[in-house]
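Colleague: This is the structure, below, for whatever I ask next.
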Amino acid sequence: MMINMHGMHKSDLRERGAAMSQQWTKELEEFHEELLSVNLGPLWADISWMNTIEPTPKAVPYLWKSELIMSYLERAETLLEVGTGSAERRAVYLINPGMKHLEPRGWGGATQTLYAAVQAVKPGEIAPSHRHTATALRFVLKGQGGFGRVGGEEITFEPGDYLITPSWIWHDHTNKGNETVFWMDCLDTPFIVAMDVSFTEFHPDIQQPLFVQQDYSSKRYQGGMVRPISDRKPHPAPLGRYKWGLTKQALEGMKETPIDPVDGYAVEYINPSTGRDADGRIGARMQLLPPGFKGKAHRHVHSNVYCVYKGQGYTVMNGMRFDWKEGDFFVIPPWTWHEHVNTSESEDAFLFSTNDLPILEAFNFERQEDYRENEGHQVIREVFTPLMPK
Ligand code: 1HN
């Protein structure tokens with residue numbers, strides 16, 4: 001039995017917590033109302049929602065099917081021309097149903113800190129140059145011919161590539177190919193909204209001028225584990241693009257080593273000059289679940305947005321099974337039990353995910369816990385029914 005520093009049993013503490021939502025006398029109820037009417041609050045009535053025993057996330061576990069997102073994005077392709085004045089960007093973003101009550105539009109929250117979307121750029125379109133406080137990263141899903149200008153460098157990209165556009169760096173996008181290019185965007189927009197720190201600037205030109213050769217930062221780092229000596233002095237964002245081929249190669253190498261029972265084989269995208277996250281405020285990972293992998297459950301304070309790059313399987317979150325396949329998105333809110341399963345017997349599953357660990361770690365908020373019961377596996381009580389296009 002757990003006894004805390006005040007000599008109370010954990011169950012006693014729960015009762016104390018429950019007592020906090022007690023009925024107040026009529027006199028006190030009226031007193032609370034009167035306090036509120038003069039913009040003051042009664043701490044004795046409110047301390048239990050302020051000091052929760054553990055996190056009570058606004059975001060809920062949720063999944064969006066690729067078919068749903070893509071059907072609406074296709075409609076947006078016919079309704080909007082990017083860069084002509086009618087639309088700065090063409091993206092359909094995830095709104096967590098648990099955050100829908102926040103105005104405006106759930107603060108753009110897939111989780112309480114992370115915005116996520118799928119963006120489409122048609123051949124010939126230019127998404128004009130701007131910069132903002134929010135930091136952004138992209139994971140390319142489909143289509144050849146995408147180009148982005150970021151901080152004076154033109155960066156080419158193709159499916160599986162991971163790209164960053166750090167806070168306050170000019171960026172614009174183009175499609176020089178002959179098919180629509182799709183990618184996942186992830187920004188720290190809900191965090192920026194909560195902090196009231198958003199600034200934006202529009203570049204006077206639709207496309208910013210270029211100051212270095214095409215794919216300059218990738219050329220400086222094409223060797224992988226060596227860095228140009230000038231980057232011994234930490235560089236905030238020395239590399240703009242992380243090629244799929246290299247990420248895959250790293251994961252294939254890990255397949256020769258012991259597997260993590262929770263995450264399978266997983267790597268994170270890093271700033272090669274500092275070893276820290278590639279993007280200052282959003283972490284990003286690529287995970288390989290081998291055929292038949294049945295991960296153990298754990299929970300952590302940081303939240304995730306997952307994008308299924310390849311494969312099929314399911315994730316159990318707080319006892320609910322969420323089935324996924326290529327192109328689906330799902331979110332893991334803070335302090336939510338979760339475990340991943342690859343249901344294929346022959347194909348690897350590749351899961352790209354983003355997280356708010358850099359923000360949480362900066363303030364020492366991160367904690368994690370392994371699920372110990374039932375050999376580390378949750379009992380599946382419910383199966384999630386996703387929304388499909390009409
Ligand atoms: C933005 O600038 C982009 O540059 C994408 O492509 C998504 C979401 C919120 C705010 C700014 C982009 C965005 C965004």
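Colleague: Once whole DSSP H runs in the chain are found, which of them have Cα atoms spread over 18 Å or more along the helix axis and a mean Kyte-Doolittle score of at least 1.6?
Modeller: Helix filter hits for the chain: none.
Colleague: Let me ask you something else. With the dipole of the stretch 87-233 worked out from charges on the C-beta (+1 for Lys and Arg, -1 for Asp and Glu) around the Cα centre, which of 117, 177, 164 lies farthest toward the positive end?
Modeller: Most positive-ward Cα: 164.
Colleague: With all protein chains present and a 1.4 Å probe, how do 294, 310 order by accessible area, largest first?
Modeller: From most accessible down to least: 294, 310.
Colleague: Once you have the Cα-Cα distance between residue 40 and residue 215, take 0.36 nm times their residue separation minus that, and quote the gain in nm to one decimal.
Modeller: Contour length minus Cα-Cα distance gives 57.4 nm.
Colleague: Tell me whether the stretch 302-374 comes out rounded, prolate or oblate; compute the Cα gyration tensor, take square roots of the eigenvalues as a ≥ b ≥ c, and use a/c under 1.5 as the rounded threshold.
Modeller: Cα axes put the stretch 302-374 in the oblate bin.
Colleague: Continuing with this model, one more query. In what sequence, largest accessible area first, do 184, 195, 254 appear using a 1.4 Å probe?
Modeller: Accessible-area ranking of 184, 195, 254, largest first: 195, 254, 184.
Colleague: So for 187, 79, 351, 40, what's the accessible-area order with a 1.4 Å probe, most first?
Modeller: 79, 40, 187, 351
Colleague: At 1.4 Å probe size, with every protein chain present, just tell me what the per residue accessible area of the stretch 96-144 comes to in Å².
Modeller: Result: 33 Å² of accessible area for each residue.
Colleague: Hey, if you put +1 on the Cβ of every Lys and Arg and -1 on every Asp and Glu Cβ in the stretch 310-371, which of 318, 340, 354 ends up farthest toward the positive end of that dipole?
Modeller: 318
Colleague: Quote the charge dipole size of the stretch 198-327 about the Cα centre in Debye, to the nearest 20; the model charges only the Cβ of Lys and Arg (+1) and of Asp and Glu (-1).
Modeller: The calculation lands at about 280 debye.
Colleague: Net charge around residue 265, counting only other residues with Cβ within less than 13 Å of its Cβ (Lys, Arg = +1; Asp, Glu = -1)?
Modeller: -3
Colleague: Another question, if that's okay. Report the local net charge at residue 136: Lys and Arg +1, Asp and Glu -1, summed over other residues whose C-beta lies under 9 Å from its C-beta.
Modeller: After counting each charged neighbour, the total is -2.
Colleague: Moving on to the next point. Among 186, 282, 264, whose Cα projects farthest towards the positive end of the dipole of the chain, with charges put on the beta-carbon of Lys, Arg (+1) and Asp, Glu (-1)?
Modeller: Most positive-ward Cα: 264.
Colleague: Expected output is a single nm value to one decimal: the length gained when fully extending between residue 363 and residue 77, i.e. 0.36 nm times separation in residues minus the C-alpha distance. What is it?
Modeller: Gain on stretching residue 363 to residue 77: 98.8 nm.
Colleague: Based on DSSP, what percent of beta bridges with both residues in the chain are antiparallel, to the nearest 5?
Modeller: So the antiparallel bridges in the chain amount to around 95 percent.
Colleague: Leaving out ligands, DNA and RNA but keeping every protein chain, what accessible area does residue 369 have, in Å² rounded to the nearest 10, with a 1.4 Å probe?
Modeller: 70 Å²
Colleague: Something else about it: Quote the charge dipole size of the stretch 51-182 about the Cα centre in Debye, to the nearest 20; the model charges only the Cβ of Lys and Arg (+1) and of Asp and Glu (-1).
Modeller: Here the stretch 51-182 has a charge dipole of around 280 debye.
Colleague: Measure up 122/142; 176/243; 176/310; 255/310; 58/248; 58/243 against 23 Å on the Cα-Cα distance and list the ones that go over.
Modeller: Where the Cα-Cα span goes over 23 Å, the pairs concerned are 176/310; 58/248; 58/243.
Colleague: I've got another one for you. Please report, as a whole percent, how much of the solvent-accessible surface of the stretch 120-188 comes from carbon and sulfur atoms (probe radius 1.4 Å).
Modeller: C and S fraction of accessible area: 54 percent.
The values are calculated or read from the model by the stated rules, or taken from the named source; none is laboratory data. None of these values were measured; they are calculated from a predicted model. In this analysis, Cβ positions are derived from the backbone assuming ideal geometry, glycine residues included, and neighbour counts consider all displayed protein chains. Heavy atoms of the whole protein, side chains included, go into the accessibility calculation; ligands, DNA and RNA do not. Shrake-Rupley method; radii C 1.70, N 1.55, O 1.52, S 1.80 Å.
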